[in-house]
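As structure tokens, the structure follows; a few thoughts come after it.
The values are calculated or read from the model by the stated rules, or taken from the named source; none is laboratory data. Values in this document were obtained by computation on a predicted structure and should not be read as measured data. Glycine gets a Cβ as well: all are built from the backbone with ideal geometry, and neighbour counts include every protein chain shown. The area values use the complete protein model at the heavy-atom level, side chains included, leaving out ligands, DNA and RNA. Shrake-Rupley method; radii C 1.70, N 1.55, O 1.52, S 1.80 Å.
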Amino acid sequence: MKKLNYVMIFLFISIDLWYVVDQLVKGDTSRLLVAAAVIPVLMGPWLIKKIFHYEMNDTLTFVYLLFTFCCVILGSVLNLYNRPETQGFDKLTHFISGFLTSFLALIVLKHSKIKNSPMWFNIVFILVFSMAIGAFWEYLEFASDNILGGNTQHYLETGVGDTMWDMIVAFFASLLFNAYYYFKSKTKPNHFEKMMKTL
């Protein structure tokens, strides 16, 4: 699994460098900020370790790299988000992100001073955490569009429609995750605790 992670990182960097060179040759700088986002994305596991003192194992790291590869490289850099033949790819990745960021919120809860908090607090925290990450990503897209003249949010065609639907599908996924978390916690109280120990 560790070797697969190195392969994913190599693909990330190789495709991104090819894209940057290709865009510079064409004289198009409108999507270079998106390409630059690869750097903080690759630093994700390291940042999580430094900030939350949680080291992702190789399997979880691979899931993270695979998902972000689909979002950043396939979606943004290779532009699958905007191709007619891959319609719906954008919403699918935002839906999956709602689940993954909700799970990340559980990890944060476990490794924080509020890990023994009541169920209602956990559910609110998971929702807010997931939506905050979703909103932050939309801020990055908005900044990219305004600074570099791109149209990643499809503002020209949909107004705020695309951004709102991105956030709505992520919110819906987080709600589903919370429902699963609530019922599993009630029926099998140690379910998530056992799962966390393997990650």
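Structure above, values below:
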| quantity | calculated |
| --- | --- |
| Length-normalised contact order for the chain - Cα pairs under 8 Å, 6+ apart - percent | 24 |
| For the chain, built as a Gaussian network whose Cα springs stay under 10 Å, the top-fluctuating residue of Met164, Met56, Met43 | Met43 |
| Helical mean residue ellipticity (222 nm; -39500 (n - 2.57) per DSSP H run of 4+; nearest 500) of the chain | -23500 deg cm²/dmol |
| Among Lys50, Lys91, Lys110, residue whose mean-square fluctuation peaks in a GNM of the chain (springs only between Cα atoms under 10 Å) | Lys50 |
| Per residue accessible area in Å² of the chain, where ligands, DNA and RNA are left out and the probe is 1.4 Å | 59 |
| Simple label model, 7 Å out from Cα along Cβ direction - Met164 to Trp46, nm | 4.0 |
| His111/Leu78 FRET efficiency (R0 30 Å; Cβ-Cβ; nearest 0.05) | 0.30 |
| Cβ-derived FRET efficiency at R0 45 Å, Asp22 paired with His191, nearest 0.05 | 0.45 |
| Ellipsoid semi-axes in whole angstrom, largest first, where each is sqrt(5λ) of the Cα gyration tensor of the stretch 1-121 | 30, 17, 13 |
| Fluctuation leader among Trp46, Trp165, Trp120 - the chain, Gaussian network, Cα springs under 10 angstrom | Trp120 |
| Sulfur and carbon atoms: percent of accessible area, the chain [1.4 Å] | 72 |
| Pairwise FRET efficiency - Val124 versus Phe183, Cβ, R0 = 22 Å, nearest 0.05 | 0.85 |
| At least 24 Å along the helix axis (C-alpha) and Kyte average at least 1.0, DSSP helices within the chain | 89-110, 119-148 |
